[in-house]
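**Q** The structure is given below, and queries will be raised subsequently.
What follows draws every value from the coordinates through simple rules; no lab data is involved. Please read all numbers here as calculations on a predicted model, not as lab measurements. Ideal geometry is used to build each Cβ from the backbone, glycine not excepted, and the neighbour counts take in all protein chains shown.
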Amino acid sequence: MSEHVSPLVRDADGTNDRRPGTPRRGSGFLDGPHRLPTTPSATVGPYLAIGLTWPDGADAVAPGTTGEIWLRGTVRDGNGDVVPDGMVESWQADPAGRFAHPDDPRGSSSTAGFRGFGRSATPGGEYAIRTLKPGAVPDGEGGWQAPHVDLSVFARGLLDRVVTRVYFADEAEANAADPVLSGLTEQQRATLVARPTDDGYRLDIHLQGADETVFFAV
Amino acid sequence: MTGTTSSGDGGRLALPRYVREDAGARTPVAFPDYRSTGLRAPLRTPVDLPHRLTEITGPVLGEDRVAPGDADLTLRAGGEAQGQRINVFGRVLDSDGRPVPGALVEVWQANAAGRYRHVVDNWPAPLDPHFDGLGRVVTDELGRYEFTTIKPGAYPWGNHHNAWRPAHIHFSLFGRAFTQRVVTQMYFPDDPLFGQDPIFNAIPPAARHRAVATFDLDRTQPDWALGFRWDIVLRGADQTPFETDDDGDVA
Ligand SMILES: [Fe+3]
């Protein structure tokens, strides 16, 4: 036992001595970063439509904008059944690769009518977001990320949102160089790549099963 | 707060990193006693996604999402909702203790009898013609929000025999980054139904109190409404690289 440990403190040892000058007391400064603990998440439950429905929710870009596409997909559970009471939210860059946000260090998106955020309930198990195909986005280290959309999935039976990304099948070259896709197996990558359709792209989301979508911890 | 800086050397960006709570203090996606998680919560371990531009930005939503009267849920369709009138208020902060101004807060809840105005909710409690259960506000410059509503009732559900949800208000929040997004539920103090509720008990024990509002006599309005305070903490941004060379010298 250290000679600095107070004999006046019951069970004192080098780790809990509370005299002035120890890390626990008296210096006036914290010995680690002071952080407030965050509020824990909870499920949206079955009635999310009451609070989270917007008339223009699906419109990440204003209707009628040149180049608009629909990003669609079905959300399925571990039985392969559709999830008809969930919600998908999307967040993405504009075709120039810029975000409609002041923290984009290159300047906010200048694409008229572009919000970059879509919110779609999944009636019948399907989400649908009206948007523009995003451009490539810097990866922050001198390289590029392939065009992508971040998705959050919320539903009864999910105690927190789950996060995934949509990439585009017709961007093979950019996808091959993407730092996120590069870290995944071929089979994992396939769960994130949307295929072209008549009016845009489609990516189905599998919450579980052999084709379980790759979800990300952010 | 932006914390975002461009060093200008060929596209290298110094971006903030939003701190994530340890897994032991976060609600897990799956919890076996909450049976619906069984077929819906993903089974594979999520892949770590470093925070890049897409994750450190997020939708800018404000007053255009809010209609007059959205902060007072007790007046709908020309009349007063039934039930115990309450004020629910607090601050939205990040984990560094900074207020989050301009944050959209969306709430939804059951009526005083525990019934939601939703086609799927058909348990035999009365609907209230003057209550739709929807509220929205944007936090002020100090991160404060306030709703006037009625205390929601408990309601039964099919999770297990004699299962009842404790009274709760659903909250949905946007900070300023994709990583800060959270949807959660606020509970009322000392609810006897906590012990049997798997959604409440899915929260790790040490974090459960953060989901429970506090009765506030000072904010209780005489002859009008009870006050309940609930502060909400979103993830904060870690230090930028420019703040790390602290030599411990304090002037
Ligand atoms: Fe509920």
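**Q** Work out, in µm²/s and without decimals, the Stokes-Einstein translational diffusion coefficient of chain B at 37 °C, 0.692 mPa s, Rh from Kirkwood over C-alpha pairs.
**A** Working: Rh = 20.3 Å.
For these conditions, the coefficient is 162 µm²/s.
**Q** Name the residue from B:Ile86, A:Thr122, A:Leu132 whose Cα lies farthest towards the positive end of the charge dipole of the protein assembly as shown, charges +1 on Cβ of Lys and Arg and -1 on Cβ of Asp and Glu.
**A** Toward the positive end, the furthest listed residue is B:Ile86.
**Q** Quick one: Debye curve from the C-alpha atoms of segment A:48-206, no solvent, what's log10 I(q)/I(0) at q = 0.08, 0.09, 0.11, 0.16 Å⁻¹?
**A** Summing over Cα pairs of segment A:48-206 leads to -0.22, -0.28, -0.43, -0.92.
**Q** Hey, another quick one. Using amide H atoms built in the peptide plane, which far-off residues or other-chain residues are under 5 Å from B:Arg76 H to H?
**A** B:Ala81
**Q** Starting from the exponent 0.38 and prefactor 2.2 Å, build the expected Rg for segment A:75-122 from its residue count and divide its actual Cα Rg by it.
**A** 1.60
**Q** Can you tell me the Rg and the Dmax, both Å, for the Cα atoms in the protein assembly as shown?
**A** Rg then Dmax for the protein assembly as shown, in Å: 23.7, 80.
**Q** For segment A:33-106, what is the convex hull (Cα atoms) projected area averaged across all directions, in square nanometres? If you can, show how the numbers build up before the last one.
**A** Numbers: hull surface 36.8 nm².
If you wrap the Cα atoms of segment A:33-106 in a convex hull and average its projections, you get 9.2 nm².
**Q** Calculated FRET efficiency, A:Asp199 and A:Thr53, Cβ-Cβ r, R0 35 Å, to nearest 0.05?
**A** 0.95
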